[in-house]
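Have a look at the structure below, then the notes.
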């Protein structure tokens, strides 16, 4: 008897749990819907970046050839077998772009994560702690800030010889955090004097909790915006270093593709596809990230007066003005 | 009424929010005579400040003055061009905000902020303007030497007085005071109000005084209007509204604070919370909290009924 009751009880529990799960999933979907609804930059940017990410993730399935193998005669114009043509060395451009996306995006995203982690750590610490800590961290930030970034990268990359993508990732991550840190520091300083921080201190919250729970959520839009900005920048720099031949030219990335297109003077010989395809891939990815950046601003800053209800406001305002005979 | 300075007819102000349109001021009509003090009372969120903002047309999106007119000397404020509006603001109507002490710029001296107003609106030399500013400060009881002080060097009460001095700078016909003394202690409040009344007898301006402090209002206002959920539910002479309120809500407000004289009595507040402006019930807005609610109240919205020449209330009971 007891067992029976137990089993009924557990069944109830599992029903409840599955109900909870359904609710949770519904919640997630409604959040996603709320984000995209009436937010065209988010829709366009989201679609584009999804396409790029899918292409990168499913490269082995989608690619028609091995990107590192000579599969055809050089510089074949786009045709049925080679959708986007072939390179000077007879490699399939379409497959290379897909595999290149993996490398380029990995470098850009990891560099962005490294840079933003450093920026948040340095910015929030110096902004919240103040005093000597702030002085030293701010000095460090300034030192990194005055370094001309790209020349430094070029010198380092040249000094280290042709370097792999891992080194480039670290170089980009370590050199592109200071402006983010400056912005986050000043924002933290503005927030830390607000009354809710003071009341958190009075309630006896630890410094770590104040930083993580009270301050960081207020910085989400800046951190995320900075992250996307850094990703775009890192992607560009990776390609830039690649074009200059300072990256590893044997790896397939959008940068190295452009390098080979450049060295084989693809544009002079009329093989525009070798140059245009990776360049367009870079532009589309950068553009979609920028669009997402814009849309995040709209959502994360509730004070920004945008959104579907503003259309209604405009309509009502027009009607009211008409009634008053102003229009 | 023949003698009218400002007349508001059927004013409606909406807030367009993602969850729907909230009507913060609903069909409010009132008028202010020259030299009169009209008090507007009501609890938080009933539309008092929204009304004050509407009068000087300060509303920005997502707020919208959807209907009605605001006639200042028979000229509709809502139809004014930008230039007319600039002239109207501060020359004719000035406003003291709720957190008045924060309306001073922290990095500019109070003297400069006073001069700003005078020079922007009047064609006088800097020297004359300076003289005028010193005069204004001494009117509100601050020594002219204080012209070079920054706002943080003054106490809250002094800052408030500076703001009032700025509001008086152009001798406007109407001053809107949006809870000007809420942040001050009673001693300073009394001092400032006394000064204000001396100035009022001297210059003869009208005051639209917005506050939730009904007892203060009973003392200083000539007439009192009571607002609830965007509606003006009772308006009349101060003694009538304060002494013999007709609307159940006003009765509740008056019964919510103790009298100094007389025996100690149990205080009765008004139960419940203000209505959600996005979910306004059919009929009277006050029905859920009203002690005298009847069937009629759930069907039709009551309109202002004239009880006598100077007293109106909106309730089906009357």
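The values are calculated or read from the model by the stated rules, or taken from the named source; none is laboratory data. Fair warning: this is a prediction, and the values are worked out from it, not measured in the lab. With ideal geometry, Cβ positions are generated from the backbone for all residues, glycine too; neighbour counts draw on all protein chains shown.
Taking region B:79-106 on its own, how many of its residues are touching a strand residue (DSSP E or B) at 6+ places or on another chain (Cβ under 6 Å) and at pLDDT 85 or above?
Step one: list which residues in region B:79-106 are touching a strand residue (DSSP E or B) at 6+ places or on another chain (Cβ under 6 Å), which gives B:93-98.
Keeping just the survivors that are at pLDDT 85 or above gives B:93-96.
Here the count works out to 4.
Being surrounded by fewer than 22 Cβ atoms within 10 Å (Cβ to Cβ), in contact with a strand residue (DSSP E or B) (Cβ under 7 Å, 6 or more places away or on another chain), within 19 Å of residue B:234 (Cβ to Cβ) and within 14 Å of chain A (Cβ to nearest Cβ), is that true of even one residue in region B:3-10?
Scanning region B:3-10 turns up at least one residue that is surrounded by fewer than 22 Cβ atoms within 10 Å (Cβ to Cβ), in contact with a strand residue (DSSP E or B) (Cβ under 7 Å, 6 or more places away or on another chain), within 19 Å of residue B:234 (Cβ to Cβ) and within 14 Å of chain A (Cβ to nearest Cβ).
Can you give me the number of residues within region B:245-258 that are outside any helix (DSSP H, G or I) and touching a strand residue (DSSP E or B) at 6+ places or on another chain (Cβ under 6 Å)? Can you show your working first?
Here is the first cut: in region B:245-258, the ones outside any helix (DSSP H, G or I) are B:245-247, B:255-258.
Applying the additional criterion that residues be touching a strand residue (DSSP E or B) at 6+ places or on another chain (Cβ under 6 Å) yields B:246-247.
Within region B:245-258, residues that are outside any helix (DSSP H, G or I) and touching a strand residue (DSSP E or B) at 6+ places or on another chain (Cβ under 6 Å) number 2.
Filter region B:76-100 for residues that are within 14 Å of another protein chain (Cβ to nearest Cβ) and touching a residue at least 12 places away in the same chain (Cβ under 8 Å); which is surrounded by the fewest Cβ atoms within 10 Å (Cβ to Cβ)?
Start the filter on region B:76-100 by keeping residues that are within 14 Å of another protein chain (Cβ to nearest Cβ), which leaves B:76-82, B:84-85, B:99.
Still in the list and also touching a residue at least 12 places away in the same chain (Cβ under 8 Å): B:77-78, B:80, B:85, B:99.
Details: B:77: 22, B:78: 19, B:80: 18, B:85: 14, B:99: 12.
Among those residues, the one meeting the criterion is B:99.
Looking only at residues in region B:28-65 that are surrounded by fewer than 19 Cβ atoms within 10 Å (Cβ to Cβ) and within 14 Å of another protein chain (Cβ to nearest Cβ), which one is farthest from residue B:206 (Cα to Cα)?
Checked region B:28-65; the qualifying residue farthest from residue B:206 (Cα to Cα) is B:61.
Determine which single condition residue A:208 fails, assuming it passes every other condition in (1) crowded, with 16+ Cβ neighbours inside 10 Å; (2) within 21 Å of residue A:137 (Cβ to Cβ).
So residue A:208 meets the others, but not (1).
Taking the condition of being under 18 Å from residue A:253 (Cβ atoms) and in a loop (DSSP other than H, G, I, E, B), how many residues in region A:50-75 meet it?
Count: 7.
Restricted to region B:212-244, and to residues that are buried (at least 22 other Cβ atoms within 10 Å of the Cβ) and part of a loop (DSSP other than H, G, I, E, B), which residue is farthest from the chain's Cα centre (by Cα)?
Top of the filtered list is B:229.
Based on what the data block shows, is residue B:120 within 14 Å of another protein chain (Cβ to nearest Cβ) and outside any strand (DSSP E or B)? Spell out how you get there, then give the answer.
On the way: within 14 Å of another protein chain (Cβ to nearest Cβ): no; outside any strand (DSSP E or B): yes.
It is false that residue B:120 is within 14 Å of another protein chain (Cβ to nearest Cβ) and outside any strand (DSSP E or B).
Among (1) farther than 16 Å from residue A:164 by Cα; (2) exposed (fewer than 15 other Cβ atoms within 10 Å of the Cβ); (3) out of contact with any helix residue (DSSP H, G or I) (no Cβ under 7 Å at 6 or more places or on another chain), there is one condition residue A:250 misses while meeting the rest; what is its number?
With respect to (1) farther than 16 Å from residue A:164 by Cα; (2) exposed (fewer than 15 other Cβ atoms within 10 Å of the Cβ); (3) out of contact with any helix residue (DSSP H, G or I) (no Cβ under 7 Å at 6 or more places or on another chain), residue A:250 is out only on (1).
Only one of these conditions is not met by residue B:72: (1) surrounded by 19 or more Cβ atoms within 10 Å (Cβ to Cβ); (2) within 15 Å of the chain's Cα centre (by Cα); (3) more than 14 Å from chain A (Cβ to nearest Cβ). Which number is it?
With (1) surrounded by 19 or more Cβ atoms within 10 Å (Cβ to Cβ); (2) within 15 Å of the chain's Cα centre (by Cα); (3) more than 14 Å from chain A (Cβ to nearest Cβ) applied to residue B:72, the lone miss is (2).
Do we find that residue B:26 is assigned to a strand (DSSP E or B) and without any contact (Cβ under 8 Å) to a residue 60 or more places away in the chain in this structure?
Working: assigned to a strand (DSSP E or B): yes; without any contact (Cβ under 8 Å) to a residue 60 or more places away in the chain: no.
No, not satisfied.
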